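Read the structure below first, then the notes.
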Amino acid sequence: MTNRSKQKTTTLNLRIPSQTEKLSLAREFVADAAKVFGFEEDDVHNIALAVDEACTNIIKHAYNYATDKEIEIVVSMNSPEFEILIEDKGKHFNPQGVVMPEMKEYLSHYKKGGLGMYLMKKLVDKVEYSIQPRKNVVRLIKYLH
C-alpha cells in the first residue's frame, strides 16, 4: 500500500445562489479551507480570487445573470493537492473558444473584462473544464509547496 492511498481526503461542500452579492460566501468558504490546508496568505487570496472569477463567469455566461440558479463548490484537501470543483447546470462553455489576451495590447487599449480565464490560470496551478451529464464543472488545483 502506498503512502498516498493511506492519506485521508477531507471534502467540504457549499451551495450558493447565482447572485453576485453571494460571491463573498464562496470566497470566505474557500479561503477558510485553504488556510486550514496550510497555504500562506498570498496563496489563500489567489485561490479565493480564482474561485470568485469562476463563479462570476458562471453567473454571467452559464446563467445569463439569472438569480434563481445554484452554484456548488466542492473542496477536496488531499496533500499536496487542494482541489476545488465548481459546478453549474447552465449553458455549456467551450474553453477552446477563448483566446488568451496579450496583456500589453489589452492594457494599451483600456479594455475592461474578459480576463477571467487568464486570471484563473495565473492564480492557481491547474484549471480544467468539463461538461458532464446535466452539469458543467470547473476544476481548480493549487499545490501546497
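Odds and ends about this structure:
- For LYS35, the stated conditions do not hold, so it cannot be described as assigned to a loop (DSSP other than H, G, I, E, B), free of Cβ contacts under 8 Å to residues at least 60 places away in the same chain and touching a helix residue (DSSP H, G or I) at 6+ places or on another chain (Cβ under 7 Å).
- Within segment 38-65, residues that are outside any helix (DSSP H, G or I) sit with their Cβ atoms under 8 Å from residues that are surrounded by fewer than 16 Cβ atoms within 10 Å (Cβ to Cβ) and not basic (Lys, Arg), at 6+ positions apart or across chains, in these pairs: GLY38/LEU144; PHE39/LEU144.
- Lone unmet requirement of (1) closer than 25 Å to GLU28 by Cα; (2) at pLDDT below 90; (3) surrounded by fewer than 15 Cβ atoms within 10 Å (Cβ to Cβ) for GLU128: (2)
- Filtering ASN57, ASN78 for residues that are surrounded by 12 or more Cβ atoms within 10 Å (Cβ to Cβ), farther than 17 Å from VAL137 by Cα and at pLDDT below 95 leaves a single hit, ASN78.
- Residue within segment 106-117 that is under 15 Å from LEU23 (Cα atoms), surrounded by 13 or more Cβ atoms within 10 Å (Cβ to Cβ) and at pLDDT below 95 present: yes
- Flag for SER24 being surrounded by 12 or more Cβ atoms within 10 Å (Cβ to Cβ), polar (S, T, N, Q), touching a Ser or Thr at 6+ places or on another chain (Cβ under 7 Å) and modelled with pLDDT of 95 or more: no
- Any chance ILE16 is of a type in the set (A, V, I, L, M, F, W, C), in contact (Cβ under 8 Å) with a residue 12 or more places away in the chain, over 16 Å from ILE141 (Cα atoms) and touching a strand residue (DSSP E or B) at 6+ places or on another chain (Cβ under 9 Å): yes
The values are calculated or read from the model by the stated rules, or taken from the named source; none is laboratory data. Quick caveat, the model's predicted, so the values are computed rather than measured. All Cβ positions, even for glycine, are placed from backbone atoms using ideal geometry, and neighbour counts span all protein chains on display.
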